[in-house]
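Chemist: Take a look at this one; I'll ask things after.
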Amino acid sequence: VMVPEINLTPQLEARFKARFGAQAVVSLHSGMTNPQRLASWLAAHAGAARIVLGTRMAVFASMPGLALIVVDEEHDPSYKQQEGARYSARDLAVWRGHREKAKVILGSATPSLESWHQSRPPADGDPGGRYVRLAMPSRIGAGELPTVRLVDMTLQPAKTVLSAKLLDAIGQRIARGEQSMIFLNRRGYAPVLACGDCGWKSECPHCSAYRVFHKIDRTLRCHHCGHTERVPRACPVCGNLDIAPVGRGTERLEEHLAELFSTVKRPDGSAVSIARIDADSTKKQGALESQLAAVHAGEVDVLVGTQMIAKGHDFRRITLVAAVNPDGALFSSDFRAPERLFSLLMQSAGRAGRDAAYLATQGSTAEMWIQTHHAEHPLFQALRRHDYPAFAAQQLEERQAAAMPPFAYQALVRADARTQEAAQAFLNAASAAADGLEGAAQVMRYPAVPLAIQRVANVERAQMLLESHSRAALQRMLALWQPQLHALRRTPEGKGVIRWLIDVDPQGI
């Protein structure tokens, strides 16, 4: 049984052990030590453990009597290994199930468009997909899905962070002893620190990205290479003392909420408790477990966090979920961005109102609030109706018109070098070397371009996209091309290249 996040396994592990017995279940994930992982692997290999529960690495567990593979939240991009040996654990689970005659269940409230397309029923000459679609239309525990409310931020006063109606709704929840969750997928205090006089911004010296301002430890931290410095007392360029944070992260939102609700009291008269869960607040060993335990115990009134809290958790007292600034994904250059945004928002909405009996006792209703500048966007309109099929149909229509996955197959060739020119020269030489290979005529090769963040840790990165309507032709060409790519490393074009790689079915372009 595979889950996308390490932080979901302790909760799930406890439930599995309670149902099937402690000896029957072992875990496999990167949060374990090597001896712990070895013990789990050997228990599964010997047949002593009948159930392996883990993240994407669990797909490699040796199980002599394998009969069922469950991929929970199969749409999650974290099933794709992005470093070292690249593989999709979801696709590998399907392949392994086919090879070992085991059943495979791909579970999700918002399936990936590839899986949704593969499970389409036959119609009008279309033979249908390879998968069987099993619908679960009713919510577990007889609960109602939350009401989705859109707040049009174009009608709010300038620089409004949280609308008055949303603040009032959160305040009512606090007064009744219920919990609220606010989702903002950006950690840190502010994305950039800037000088208003000379225009200096907190750029990373080693990457083509900005360092994020973290107020708690007064640091500027690059989330790509890890380069960290103390916040300067004045602008390094012009000496202006008035350098200011630009934008908003979870740290700043937590601080802002503490100010807004400083005078509000809980039902017992105590002060409001606001907690933050993100990659920064959970660095210490056991920090995540203790924070989640506080939420489950009802000690937290408002939970602020990134996508870490948006999926999989079974918070029984949360009745309101709010997404503060989700619009960025609507205009991303990545064609998968709308699909990921819809999944993330629908999964976030699923955290509200999970206990129907609790809602009835409180006389409350579950709500999902979304603050957006584009309230009429089809994505939000489908989300209001919890209508994933309508959203998927619209997205698949667009992708078919643009000949994008799942109607085409892609591979990405990436080269890292000390200079952008060397990286692109290697890829262009590789493209020229591919002429005449079997299957090459059926594969579209785009010119080499820099990555969106082209420099990380002083390494320049370039990529070349390959696209084909035939997976067989793409795979044939890639197999014949690899020896040529290895040989290119020994030519003048390949001398400056640090590394190159091929990523089939890339999740980020």
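Chemist: Heavy atoms only, probe 1.4 Å: what % of the accessible area of segment 348-501 goes to carbon and sulfur, would you let me know?
Modeler: 54 percent
Chemist: Using only the alpha-carbon atoms, what does segment 144-273 span along each of its principal axes? Please give whole angstrom values in decreasing order.
Modeler: 51, 33, 28
Chemist: I've got another one for you. Taking Rh as the Kirkwood radius computed over C-alpha pairs, what is the Stokes-Einstein D of segment 388-431 at 4 °C in a medium of viscosity 1.567 mPa s, expressed in µm² per second?
Modeler: So the translational diffusion coefficient is about 99 µm²/s.
Chemist: Would you mind computing the Rg to Rh ratio of segment 1-44 from its alpha-carbon coordinates, Kirkwood style for Rh?
Modeler: Radius of gyration relative to Kirkwood radius: 0.94.
Chemist: How many angstrom lie between the Cα centre of segment 300-359 and the Cα centre of segment 78-100?
Modeler: Result: 26 Å between the Cα centres.
Chemist: Over the chain, with the other protein chains present, what is the accessible area per residue in square angstrom, probe 1.4 angstrom?
Modeler: 49 Å²
Chemist: I've got another one for you. In whole angstrom, how long is each semi-axis of the equivalent ellipsoid of segment 288-429, when you take the square root of 5 times every eigenvalue of its Cα gyration tensor and sort them from largest down?
Modeler: So the equivalent ellipsoid measures 38, 22, 13 Å along its semi-axes.
Chemist: Rank-order 313-324, 269-280 by packing density, defined as the average count of other C-beta atoms within 10 Å over each peptide's residues, highest first.
Modeler: 313-324, 269-280
Chemist: Quick one: putting +1 on the C-beta of Lys and Arg, -1 on the C-beta of Asp and Glu, what dipole do you get for the chain around its Cα centre, in Debye to the nearest 20?
Modeler: 1060 debye
Chemist: Tally Lys and Arg at +1 and Asp and Glu at -1 over the other residues with C-beta under 11 Å from the C-beta of P389: what net charge comes out?
Modeler: That works out to +2.
Chemist: Under the Cβ-under-4.7 Å rule, which cysteines of the chain stay unpaired?
Modeler: Singleton cysteines: C225.
Chemist: Could the peptides 149-156, 87-94 be put in order, highest first, of the mean number of other beta-carbon atoms found within 10 Å of their residues?
Modeler: 87-94, 149-156
Chemist: If you don't mind, there's one more thing I want to ask. Could you sort H256, H45, H98 by accessible area so the largest value comes first, with the probe set to 1.4 Å?
Modeler: Final ranking, largest accessible area leading: H98, H45, H256.
Chemist: Summing -39500 (n - 2.57) over the DSSP H runs of n ≥ 4 in the chain and dividing by its residue number, what mean residue ellipticity at 222 nm do you reach, to the nearest 500 deg cm²/dmol?
Modeler: -9000 deg cm²/dmol
Chemist: Oh, and also: With a point put 7 Å past each Cα toward its Cβ, work out how far F60 is from E376 in nm, to one decimal.
Modeler: Spacing of the two 7 Å Cα→Cβ label points: 5.2 nm.
Chemist: How long, wide and thick is segment 227-331, going by the Cα atoms along their three principal axes, in whole angstroms, largest first?
Modeler: So the three principal-axis extents are 52, 35, 33 Å.
Chemist: What net charge do the residues around A403 carry, taking every other residue with its C-beta under 13 Å from that of A403, with Lys and Arg at +1 and Asp and Glu at -1?
Modeler: Cβ neighbours under 13 Å give a net charge of -2.
Chemist: Take the alpha-carbon positions of segment 29-90, form their convex hull, and give its projected area averaged over all directions (one quarter of the hull surface) in nm².
Modeler: The orientation-averaged projected area of the Cα hull of segment 29-90 comes to 4.5 nm².
Chemist: R0 = 41 Å: FRET efficiency of V246 with K101, Cβ-based, nearest 0.05?
Modeler: Working from the Cβ atoms, E equals 0.15.
Chemist: To continue, here is another question. Restricting the calculation to Cα positions, tell me the Rg (one decimal) and the Dmax (whole number) of segment 315-396 in Å.
Modeler: Gyration radius and largest Cα-Cα distance of segment 315-396: 14.0, 46 Å.
Chemist: How about K165: which lysines have a C-alpha closer than 21 Å to its C-alpha, ignoring those fewer than 8 places off in the same chain?
Modeler: Straight-line reach from K165, under 21 Å: K265.
Chemist: Then there is this: Leaving out same-chain residues fewer than 8 places away, which lysines sit with a Cα under 29 Å from that of K101?
Modeler: Result set, ordered by chain and number: K17, K80.
Chemist: State whether the chain is rounded, prolate or oblate according to the following rule on the C-alpha gyration tensor (a ≥ b ≥ c being the square roots of its eigenvalues): a/c under 1.5 gives rounded; otherwise a/b larger than b/c gives prolate, and the remaining case gives oblate.
Modeler: Oblate, since a/c reaches 1.5 and b/c is not below a/b.
Chemist: In nm², what is the average projected area of the convex hull enclosing the Cα atoms of segment 92-197?
Modeler: Hull-based average projected area comes out at 14.7 nm².
Chemist: If you don't mind, another one. Using C-alpha positions alone, give me the convex hull volume of segment 365-461 per residue in cubic angstrom.
Modeler: Taking only Cα atoms, segment 365-461 has a hull volume of 174 Å³ per residue.
Chemist: If you don't mind, another one. Give the average over all directions of the projected area of the C-alpha convex hull of segment 411-498, one decimal, in nm².
Modeler: The directionally averaged projection comes out at 5.3 nm².
Chemist: Could you run the Debye sum over the Cα atoms of segment 34-128, one equal point scatterer each and no solvent, and tell me log10 of I(q)/I(0) at q = 0.20 Å⁻¹, two decimals?
Modeler: -1.06
Chemist: Highest mean first, what order results for 337-345, 19-27, 418-426, 183-191 on Cβ atoms within 10 Å?
Modeler: Averaged packing, sorted descending, gives the order 183-191, 337-345, 418-426, 19-27.
Chemist: Still on this structure, please answer the following. Roughly how compact is segment 126-174, stated as its Cα Rg over 2.2 N^0.38 Å to two decimals?
Modeler: Normalised by 2.2 N^0.38 Å, the Cα Rg of segment 126-174 equals 2.03.
The values are calculated or read from the model by the stated rules, or taken from the named source; none is laboratory data. Note that this is a predicted model, so its numbers are computed, not measured. Quick reminder, even Gly has a Cβ in these numbers, built from the backbone with ideal geometry, and neighbours come from all protein chains shown. The accessibility values were calculated without ligands, DNA or RNA, using every heavy atom of the protein model including side chains. Shrake-Rupley method; radii C 1.70, N 1.55, O 1.52, S 1.80 Å.
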